[in-house]
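J.: Questions regarding the structure given below will be posed in turn.
The values are calculated or read from the model by the stated rules, or taken from the named source; none is laboratory data. Computed from a prediction, not measured in an experiment: that's the story for all the values here. So basically every Cβ, Gly included, is an ideal-geometry build from the backbone, and we count neighbours across all protein chains shown. The protein model used for the area step is the full one, side chains on, heavy atoms only, and it has no ligands, DNA or RNA in it. Shrake-Rupley method; radii C 1.70, N 1.55, O 1.52, S 1.80 Å.
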Amino acid sequence: MEVIPGVEISTNFDKTEIHLVGLFIDYNDKDFNSFLNTQLESRDNRNKQVCECFKKIGINITYEDMISTYGDSVITRAHFADKLVAMGITGDRNEAFDRFLSPGKPCYVPRTKVDLADAITRIHKAGGTAILAHPILYHLGKSQMTKLLDYVCSAGLDGIEAIYSTYKMGDELYIRRIARERNLLISGGSDYHGRNKPHIQLGTGKGHLFVPYEILDKMRAARNNI
């Protein structure tokens, strides 16, 4: 099995959360690891605030409980949703988000996110290739997508995710066309997140995902030509 060091960073652009993937990262880079640790600390602080919000509405979910149950993972809102289901407060994750964890709900706490262009720069400084993750999932209109692409391309974006677990054929063709027009590499991935996305399998997505090896070859070739 071939392993490529990578990272996914949540960023902010025009009030929209945009995910950026960094591939071929130098995982020993001290500056980049310091940056990631800062992001983890920010997430931990947010999780503590979420616990306080639950306390205020009479639901006993403590930060210590969350660490005890999910301490081997980076704790996200999905873990809080699972906790609510386990406690019998909600029937499933969707209900947990609808009632408590989505923007405007009583236990939603926004996270501090890094600027998108800054994240691209940091990935490059750590020797990585910067990829715009699953752009279809942002549900942007044509003008918004153009604005996003103009911004990330001017910041030095290397590629865009064209093959993804939930894409339909039309979605993939649309992103491939953008890649050609913008002279971007294409990437693909299942977006496997373990128990957080139990319906997604590693490498195969929902069972039919196929990412050709030539995509990796082209990434490597582009890196060698820098």
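J.: Would you mention how many residues in the range 92-101 are of a type in the set (S, T, N, Q) and surrounded by 13 or more Cβ atoms within 10 Å (Cβ to Cβ)?
T.: Counting residues in the range 92-101 that are of a type in the set (S, T, N, Q) and surrounded by 13 or more Cβ atoms within 10 Å (Cβ to Cβ) gives 0.
J.: Continuing with the same structure: So, in the range 56-106, exactly how many residues are under 21 Å from the mean Cα position of the chain (by Cα) and not aliphatic (A, V, I, L, M)?
T.: Going through the range 56-106 one residue at a time, the tally reaches 15.
J.: Going by the structure shown, is Ile175 in contact with a His (Cβ under 8 Å, 6 or more places away or on another chain), β-branched (Val, Ile, Thr) and either buried (at least 16 other Cβ atoms within 10 Å of the Cβ) or free of Cβ contacts under 8 Å to residues at least 40 places away in the same chain (or both)?
T.: no
J.: If you don't mind, another one. So is Glu161 in a helix (DSSP H, G or I) and of a type outside the set (A, V, I, L, M) or not?
T.: So Glu161 does not fit the description; no.
J.: State all residues of the range 2-58 that are open to solvent by 80 Å² or more (accessible area, probe 1.4 Å), within 23 Å of Val152 (Cα to Cα) and assigned to a loop (DSSP other than H, G, I, E, B); if no residue qualifies, say none.
T.: Asp14, Lys15
J.: Among the numbered criteria (1) among the β-branched types (Val, Ile, Thr); (2) closer than 20 Å to Leu209 by Cβ; (3) buried (at least 21 other Cβ atoms within 10 Å of the Cβ), which one does Thr129 miss?
T.: It fails just one condition, (2).
J.: Can you pull out every residue in the range 110-167 that is of a type in the set (A, V, I, L, M) and over 17 Å from the mean Cα position of the chain (by Cα)? First the steps, then the outcome.
T.: Here is the first cut: in the range 110-167, the residues of a type in the set (A, V, I, L, M) are 114, 116-117, 119-120, 123, 126, 130-133, 136-137, 140, 145, 148-149, 152, 155, 157, 160, 162-163.
Ala126, Met145, Leu149, Ala155, listed by residue number.
J.: Quick one: Lys113 ticks every box in (1) open to solvent by less than 50 Å² (accessible area, probe 1.4 Å); (2) touching a residue at least 60 places away in the same chain (Cβ under 8 Å) bar one, so which box is it?
T.: Failing condition for Lys113: (1).
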